[in-house]
1. Whole number please: convex hull volume per residue, Cα atoms of region 145-219, in Å³.
2. For the pair ALA178 and ASN292, what calculated FRET efficiency results from E = 1/(1 + (r/R0)^6), where r is the Cβ-Cβ distance and R0 = 30 Å, to the nearest 0.05?
3. Within the set of other residues whose C-beta is less than 14 Å from the C-beta of LYS111, count the net charge using Lys and Arg as +1 and Asp and Glu as -1.
4. Would you mind calculating the gained length between THR154 and ASN130 on full extension (0.36 nm times residue separation, minus the Cα-Cα distance), in nm to one decimal?
5. State, to one decimal in nm, how far the label point of ASN199 lies from the label point of ASN186, with both points 7 Å from Cα in the Cβ direction.
6. Given H placed on each backbone N at 1.01 Å, which residues far from THR202 in sequence or on other chains put an amide H within less than 5 Å of it?
7. How many times 2.2 N^0.38 Å is the alpha carbon radius of gyration of region 112-293?
Amino acid sequence: MYKNKFLSYILLLLVLFSALTPMTVTHAAPLDNVLNTLAASTVSGQDNTSHGTGLLEKLFGFVFDKLLGPILNVFNNKSTTNTTHPVVITPLPSTTTKPITIQNNGVLKGKIIVVDPGHGGSNPGAVANNTRESDNNLAVSLKLRDKLVQAGATVIMTRDTDRTVAPEGSSLGAELQARIDLAETNHADMFISIHSNENPDTSIAGAMTFYPNGKSSALASEVENAVVTETGAVNKGTSPATFYVLRNNSVPSTLVEMGFVSNGEEAALLNSDSYRTKIAQGILNGIVKYFNNN
Ligand SMILES: [Zn+2]
């Protein structure tokens, strides 16, 4: 590479020298022979009898076709076998593209998915470290909604603002039943409830995902694994549970506890936009994997 570059510089200097210096046959003939010798291994059908202006043409042709062409083509990573075509500079491929970890093959098209941000309104859920569970749940749910819609799903949000789903002042049972009703009356294919966890032991952190007691854990497993993969959170696994929205739901359902607001570090992550995006991406990946297998 550097050898070729150096050689082409020398030849360019020779071209300039030839163009600026009055040419005689005695100069031209030996130079022509040198060039023919240089080019012999790569150029076929060379006209050994041409002199004068023919020499300049050969110089230009040799320098640009045989040396500069291949050198420029190195950057394009193209074949150097055909050197007669103009060199086309194409942009280098981007190196910032993140590898795609899932096969989103349109499996979500036509699917009706209910996204349920836990709590809201007068019920903020777990509150610690300047983080309100209901805010985290809503922020991640809205990101998940956008990703699901982009993947072709029809999304029903149980709430998309900071409010209760049943009329304010209703019982907790009525509030939770209102969320299930949205899934069942719309014949949803999936119900996914988003929550944040808390524990008196502030050292506890990590994501865990629940499934209805006695029913399949496949959806919960896919979501848990995908969330952990995207976020790097501690994998606290899956578990059967008797939460109201799982227990009374005829729609395939899961409940994600994204992390612990009682843990200072995880609370800060749950508060951050970039971490919320990772969680939403993880949940989406898990849902896609689930539908690919079921
Ligand atoms: Zn909750």
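1. That works out to 171 Å³ per residue.
2. According to the calculation, E is roughly 0.45.
3. Residues near LYS111 contribute +3 overall.
4. On the way: separation 24, 0.36 × 24 = 8.64 nm, distance 3.36 nm.
So the chain would gain 5.3 nm between THR154 and ASN130.
5. 3.3 nm
6. none
7. Working: Rg = 14.8 Å, N = 182, 2.2 N^0.38 = 15.9 Å.
Rg over 2.2 N^0.38 Å, computed on Cα atoms: 0.93.
Read the figures in this text as sums done on the coordinates, not as results from a lab. No experiment lies behind these values; they were computed from the predicted model shown. Because the Cβ atoms are built from the backbone with ideal geometry, glycine has one as well, and the counts that use them run over all protein chains shown.
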